[in-house]
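Notes for the one structure printed next.
The values are calculated or read from the model by the stated rules, or taken from the named source; none is laboratory data. Just so you know, these numbers come straight off a predicted model, no measurement behind them. Positions of Cβ are backbone-derived with ideal geometry, glycine not excepted, and every protein chain shown enters the neighbour counts.
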Amino acid sequence: MRILKYLFLLLLLSLIALSIFIATQKGDFTVERSKVINSPKPAVFNYVNDFKNWGDFGSWVTADPEIKITYPQNTIGKGGSYSWEGKDGNGDMKTIFVKENDSISQKMNYNGTSSDVFWTFKDTVGGTKVTWRTKGKMSFLFKIYSAFNGGAEKIIGGMYEKSLANLDKTLDYEINTYSVKVDGMVKKPETFYLHQTFTSKIANVTKNYKIVAPKIITFCKKNNLVITGKPFILYHNYDLVNGLTKISICVPIKNQIFTSEGSDLYSGKLEAFEAVKTTLTGDYSHRDKALDKTTQYLNANHLAADGTISHLEIYLMDKTNIKNPSKWVTEIYFPIKSKGEPVTIFKPAVIKADLAITTGPGIKTTEAIKTEPVAKPKPVAKPKQIIKNEPVIKNPTAPKKEEEQSEF
């Protein structure tokens, strides 16, 4: 009995000594891992910038198949967040700073351990060099866990290595699997639409679309306007030299309306036109390849582009419909000039005999009869609906030459 007491006392003293040892250990940690990802920088950045994609490459998800992940309404860019509950503990993460295609800063809390997380993205040979770093202070529980599992460097470092390998594998397929098909000549019907027009960096078109299109859709729903199709983008010009484009982000509606003066939204009408249609299946980063292939088709078939607008794009299937970039579908329409306007042939009028007169010996002429084309009566236009609204969207300004901080 006395021996058991001694053993218990010894065990208790050992636990106290271990606790004191762990508690007095340095709790600060910094862990960093890098890997070259075989995908273009914008594609890698956009993928990491959305927490909904983290379940596809995070090694902690495969290690704990029963982990419960909760996504709020916003998971992209500054202010985006998500949380989880797993067998090893609970945590949450929030993005606090984003520099487009360059870096991301985040805050993470996991079982009482708070840390700062940083991502950087650099162009390099073979793709994009991604560096993932975390810096923080361990809670007492995490100190105990790390003490028995090789330390924070091994625990977090191993997790980052596996996750970056998964990221490379996932993106290598999802981003780089695509196809471009030139469908040929089509006729685009007349379309009424609401739009906001501004100048944007070509690289920021997708980001601006994600901001503006949902606001126009919300406006339509609020004012009971019938939406007749997918939102689309009109490219008025496309300046590859300066990387700028003037665009209109549009939502098609059933009837044309007028918006009140001072509104940021305007009503438009797209006349029916002939176009060459191209379908891009895959990530939007391959759009330039689709544009190049369309240009080749125009040249090969001696078709002249209509200079009224550059082209039109419809995101027929994007991340709002399906998660996998390899299955996204973008339709591109290049307006073309008609090869020739239809010519109306008029038959000469039949001249009655009593209209003939003699003007001189051996010379006969007939009185010329002038005919005017009969004008068809124009249909009376119905009064257009007038929608009064407060300015709900601020016009994005033309970007500066230097890269600006973005919310996406």
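Only one of the numbered conditions (1) of a type in the set (S, T, N, Q); (2) assigned to a helix (DSSP H, G or I); (3) at pLDDT below 90 is not met by Ser263, and that is (2). Filtering the range 288-313 to residues that are within 22 Å of the chain's Cα centre (by Cα) and under 13 Å from Phe334 (Cβ atoms) leaves Ala290, Leu291, Asp292, Lys293, Thr294, Ile309, Ser310, His311, Leu312, Glu313. Out of the residues in the range 66-90 that are among the charged types (D, E, K, R) and surrounded by fewer than 17 Cβ atoms within 10 Å (Cβ to Cβ), state the one that is nearest to the chain's Cα centre (by Cα). Looking at the filtered set, the residue picked out is Lys68. Within the range 294-320, track down each residue that is touching an Asp or Glu at 6+ places or on another chain (Cβ under 9 Å) and assigned to a strand (DSSP E or B). Of everything in the range 294-320, those that are touching an Asp or Glu at 6+ places or on another chain (Cβ under 9 Å) and assigned to a strand (DSSP E or B) turn out to be Leu312, Glu313, Ile314, Tyr315, Leu316. The single condition among (1) surrounded by fewer than 16 Cβ atoms within 10 Å (Cβ to Cβ); (2) in contact with a strand residue (DSSP E or B) (Cβ under 6 Å, 6 or more places away or on another chain) that Gly184 does not satisfy is (2).
The residue of the range 81-103 that is modelled with the lowest pLDDT, among those that are closer than 28 Å to Gly127 by Cβ and outside any strand (DSSP E or B), is Glu100. Contact annotation: residue pairs with Cβ atoms under 7 Å, 6 or more positions apart or on different chains, pairing a residue in the range 237-262 that is more than 24 Å from Asn223 (Cα to Cα) and without any contact (Cβ under 8 Å) to a residue 40 or more places away in the chain with a partner that is surrounded by 14 or more Cβ atoms within 10 Å (Cβ to Cβ) and not basic (Lys, Arg), are Asp239/Thr245. Considering only the range 242-251, I want to know if a residue exists there that is assigned to a helix (DSSP H, G or I), of a type in the set (A, V, I, L, M, F, W, C) and buried (at least 20 other Cβ atoms within 10 Å of the Cβ). Within the range 242-251, not a single residue is assigned to a helix (DSSP H, G or I), of a type in the set (A, V, I, L, M, F, W, C) and buried (at least 20 other Cβ atoms within 10 Å of the Cβ). Restricting the first member to the range 288-301 and to residues that are of a type in the set (Lys, Arg), and the second to residues that are not in a helix (DSSP H, G or I), the beta-carbon pairs closer than 8 Å and six or more apart or on different chains are Lys289/Tyr178; Lys289/Val180; Lys289/Leu280; Lys293/Val180; Lys293/Val182; Lys293/Thr278. Assess whether Asn299 counts as being of a type outside the set (A, V, I, L, M), surrounded by fewer than 15 Cβ atoms within 10 Å (Cβ to Cβ) and farther than 30 Å from Lys169 by Cβ. Answer is yes for this residue.
In the condition set (1) surrounded by fewer than 13 Cβ atoms within 10 Å (Cβ to Cβ); (2) in a helix (DSSP H, G or I); (3) basic (Lys, Arg), Lys289 is compliant with all but (1).
Thr278 meets the conditions (1) over 17 Å from the mean Cα position of the chain (by Cα); (2) not in a strand (DSSP E or B) in every case but one. The failed one is (2).
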